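Participant: One structure, pasted below without further comment.
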Amino acid sequence: MIRKSKSDIRNFLLHLLLSLLGAIMIYPLVWMFFASFKTNDEIFNSVRLLPAEFNLDGYILGWKGNRQIGFNTFLINTLKLVVPTVIFTVISSPLVAYGFARFRFPFHRILFALMLSTLMLPNTVLVVPRYIMFRNFGWLDTYLPFTIPALLATAPFYTFMIYQFLRSLPVELDESAKIDGLGPIGILLRILLPLLKPAIFSAAVFQLIWTWNDFFNVLIFVPSVNKYTLSLGLRMMMDIEAASAWNQIMAMSVVAILPCALFFFFTQRYFVEGIATTGLKG
Amino acid sequence: MKIKPRIREINKYQYWGYLFITPWIIGFIVLQLYPLLASLNYSFTDFNMLNDPRYIGFQNYIRMFTKDVNFSQSVKVTLIRVLFAVPMKIIFALMVAMLLNIRLKGMNFYRTIFYLPSIFGGSVAISVLWKFLFMREGLINRLLSVFSIKPVDWLGNPDIALFTVSLVTIWEFGSSMVLFLAGLKQIPRELYEAAKIDGASLLKQFYYVTLPLLTPIVFFNLVMQTINAFQEFTTPFVITSGGPAKSTYLYAMLIYENGFKFLKMGYASALSWLMFIAIIIITALVFKSSPYWVYYGDGGST
């Protein structure tokens, strides 16, 4: 009995500590959510979390935007950028991962090491020559600088994640499929892909959220306002509004991150597994 | 051990592998290798994209060290940031992971909460939020005034702006935490039991059991987080635009401004290459140091 109550106290204290820490961690996010329903006056004059009354002005005015271009354009642009990028990633990464995981061709080791080493290749180093290159290709102001790299599996994170998962599937599967007369493509499509679904889904989830939030690359490769994504639109709004309409800025920030947050809540197990299996992500 | 020969055996198709990795080979050559070499080439030129590049030897490199005051300033603040934010983030992630590793109901819920900020990465919305929290008349200062503490100029004071901006990164410790959690779950319970029998206190258990077994993960986090920290751009760009007094003018902003604001592509390429070399050297040093502090269960042969 004594032992039990002692561990009860310990558990209680632990819960207390964790909920306190957790509350501090997400308080800013919760605060932003509720602030988006406040009037501008209330945002600056009250420290209360909940709004006095739920006011949708921030959303209505913010959504219209202030030049001719509103957030509906930014949202559509974001989707035009994100959806093909995710689809291409999901097609290309399993192919490359399969090539590395199941075939031992000459120079396999060197090529694989090269691919892994690009994990540490800083994007910032490549951005200047890539800009010049994409400009010569006529790709600026299109989303090709995002979709084509995805099609060519240049983000080793996803390939490696699926590779790790593939390595955990027994080779006997391939062998018996071969006896049944399947070739390399048949084995991938009929046998391995169905089993790889969780890993592929993890890759899709990561790619979706990172591309959705990307700012630096869009800033550089997409100069025109009518091609801006949500991130760029938000930044522009903040520059123009300066300190005036924080309720609109907050509302549009919520618009920009709420889809990601909801998506995360429904798919979080894939996140955790994705990170744990690759041991990656910065 | 068995797998390798077996794969070879079943694959008389081994050359099919090339077919599957072809997309990556093209991508690697065109989108990674070529740009890397091209920027090395540009780094020896004067190039504004209107005229053809003109070779000027090492002048770009000489200029950074002798004439560009922004260069030394941004190197300084970037190093401070890396040295401050990376260890803080790792320590924080480890501490929270240790707490979450205790078997208790509801741990998955806490894990979700702690991980949530990390999914937003360097997003603009989070930077906007941060700016609002730490503005002079922002939420933090108003909360402080409730406790009658004087407002702090979080973003306007050059001495603390870098700290304030770096807090975002530390706040997003989720992925390091998940890695530590996965590592902690793999430590055999027997080790702790043995330590307890030997009379080791909790602190000693941490120091002699937990920490050594986690060093590979610490190592991995250290490498990846350092590389990322060098590249940080969005948060300082959106929150402070590098100010006040260039106190948050990180290296990525220096590259951005030279390349895309002043169109000095040659100079920006030289800056990029210097960063690349710096990252390689630092990573190599961390790797070199690893035998002295990273514990590998298999005796160190990777």
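The values are calculated or read from the model by the stated rules, or taken from the named source; none is laboratory data. Bear in mind the structure is a predicted one, so any value in this text is a computation, not a measurement. Counting neighbours? That spans all protein chains shown, and the Cβs are built from the backbone with ideal geometry, glycine included.
Participant: Go through segment B:139-159 and count every residue that is assigned to a loop (DSSP other than H, G, I, E, B) and within 9 Å of another protein chain (Cβ to nearest Cβ). Steps first, answer last, please.
Facilitator: Within segment B:139-159, the subset assigned to a loop (DSSP other than H, G, I, E, B) is B:147-159.
If we keep only those that are within 9 Å of another protein chain (Cβ to nearest Cβ) too, we end up with none.
Matching residues across segment B:139-159 total 0.
Participant: Within segment A:37-62, can you find the residues that are exposed (fewer than 15 other Cβ atoms within 10 Å of the Cβ), part of a helix (DSSP H, G or I) and over 32 Å from the mean Cα position of the chain (by Cα)?
Facilitator: Across segment A:37-62, the qualifying residues are A:Asp41, A:Asn45.
Participant: Select from segment A:24-41 the residues that are in contact (Cβ under 8 Å) with a residue 24 or more places away in the chain, within 14 Å of chain B (Cβ to nearest Cβ) and over 29 Å from B:Tyr115 (Cα atoms) and list them in ascending order.
Facilitator: Once the filter is applied, which keeps residues that are in contact (Cβ under 8 Å) with a residue 24 or more places away in the chain, within 14 Å of chain B (Cβ to nearest Cβ) and over 29 Å from B:Tyr115 (Cα atoms), segment A:24-41 yields only A:Asn40.
Participant: While we're here: For the condition surrounded by 14 or more Cβ atoms within 10 Å (Cβ to Cβ), touching a Phe, Trp or Tyr at 6+ places or on another chain (Cβ under 6 Å) and under 30 Å from B:Asn51 (Cβ atoms), what is the one hit in A:Pro145, A:Pro149? Give the derivation first.
Facilitator: Numbers: A:Pro149 fails: touching a Phe, Trp or Tyr at 6+ places or on another chain (Cβ under 6 Å).
Exactly one of A:Pro145, A:Pro149 is surrounded by 14 or more Cβ atoms within 10 Å (Cβ to Cβ), touching a Phe, Trp or Tyr at 6+ places or on another chain (Cβ under 6 Å) and under 30 Å from B:Asn51 (Cβ atoms), namely A:Pro145.
Participant: Of all residues in segment A:101-147, count the ones that are at the interface with chain B (Cβ under 7 Å from one of its Cβ atoms) and charged (D, E, K, R).
Facilitator: 3
Participant: Residues that are in contact with an Asp or Glu (Cβ under 9 Å, 6 or more places away or on another chain), buried (at least 18 other Cβ atoms within 10 Å of the Cβ), among the β-branched types (Val, Ile, Thr) and facing another protein chain (nearest Cβ under 8 Å): does segment B:107-125 have at least one?
Facilitator: Within segment B:107-125 (the criterion being in contact with an Asp or Glu (Cβ under 9 Å, 6 or more places away or on another chain), buried (at least 18 other Cβ atoms within 10 Å of the Cβ), among the β-branched types (Val, Ile, Thr) and facing another protein chain (nearest Cβ under 8 Å)), the answer is yes, since at least one residue qualifies.
Participant: Quick one: count up the residues across segment B:29-51 that are touching a helix residue (DSSP H, G or I) at 6+ places or on another chain (Cβ under 7 Å) and assigned to a helix (DSSP H, G or I).
Facilitator: Residues in segment B:29-51 being touching a helix residue (DSSP H, G or I) at 6+ places or on another chain (Cβ under 7 Å) and assigned to a helix (DSSP H, G or I): 8 in total.
Participant: Something else now. One residue is enough: does segment A:213-225 have a residue meeting the conditions in contact (Cβ under 8 Å) with a residue 40 or more places away in the chain, at the interface with another protein chain (Cβ under 8 Å from one of its Cβ atoms), crowded, with 22+ Cβ neighbours inside 10 Å and under 21 Å from B:Phe233 (Cα atoms)?
Facilitator: So far as segment A:213-225 goes, yes, one or more of its residues are in contact (Cβ under 8 Å) with a residue 40 or more places away in the chain, at the interface with another protein chain (Cβ under 8 Å from one of its Cβ atoms), crowded, with 22+ Cβ neighbours inside 10 Å and under 21 Å from B:Phe233 (Cα atoms).
Residue-by-condition table, conditions (1) among the aliphatic types (A, V, I, L, M); (2) surrounded by fewer than 22 Cβ atoms within 10 Å (Cβ to Cβ); (3) in the same structural domain as A:Ala261 (by TED's automatic domain parsing):
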position: A:Asp174; (1), (2), (3): no, yes, yes
position: A:Gly183; (1), (2), (3): no, yes, yes
position: A:Gly186; (1), (2), (3): no, yes, yes
position: A:Leu189; (1), (2), (3): yes, yes, yes
position: A:Leu193; (1), (2), (3): yes, yes, yes
position: A:Ile209; (1), (2), (3): yes, no, yes
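Participant: Can you name every residue in segment B:254-291 that is in contact (Cβ under 8 Å) with a residue 40 or more places away in the chain and more than 21 Å from B:Ala38 (Cα to Cα)?
Facilitator: B:Ile282, B:Thr283, B:Val286, B:Phe287, B:Ser290 - these are the residues of segment B:254-291 that are in contact (Cβ under 8 Å) with a residue 40 or more places away in the chain and more than 21 Å from B:Ala38 (Cα to Cα).
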